[in-house]
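Note sheet for the following structure.
Rule-based calculations on the coordinates, nothing more; no lab input. Just so we're clear, the structure is a prediction, and the values are computed from it rather than from any experiment. Glycine gets a Cβ as well: all are built from the backbone with ideal geometry, and neighbour counts include every protein chain shown.
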C-alpha cells in the first residue's frame, strides 16, 4: 500500500471527489431532471453512461492513490 498521510494530499482527495460528485449530481438533477422519470430511452442511456464514467474515475483514482503505480529509475534515458 502506498497511501501517505499528509494534509495536502487528503485535502486534494476530498476536493477531487467533491468535484466529481458535484458534476454527477448536477448532471442528474439539472440535466436529466424530468426525462428519466418519464422513461425517455436516451436519458436512461445517458444516466447509465455517466454513472459508469463516475465509477471509473473514482476507481482509477483510488487505484493510483492506494497502490504503487511504478516509478522510472533516476538514470532512465541516459
*Against the longest principal axis of the chain, how steep is helix 7-26, in degrees 0 to 90 to the nearest 10, with axes from Cα atoms?*
20 degrees
*Fewest to most neighbouring Cβ within 10 Å: what's the order for 8, 64?*
8, 64
*Just check the range 7-66 against the gyration tensor rule for me: Cα atoms, a ≥ b ≥ c as the square roots of the eigenvalues, rounded for a/c under 1.5, and otherwise prolate or oblate depending on whether a/b exceeds b/c.*
oblate
*With each run of n ≥ 4 DSSP H residues scored as -39500 (n - 2.57), what mean residue ellipticity at 222 nm is computed for the chain after dividing by its residue count and rounding to the nearest 500 deg cm²/dmol?*
-21500 deg cm²/dmol
*If you build a Gaussian network model of the chain, linking Cα atoms that sit under 10 Å apart, which residue out of 41, 32, 62 swings the most?*
41
*Could you line up 60, 43 from fewest to most neighbouring Cβ atoms inside 10 Å?*
60, 43
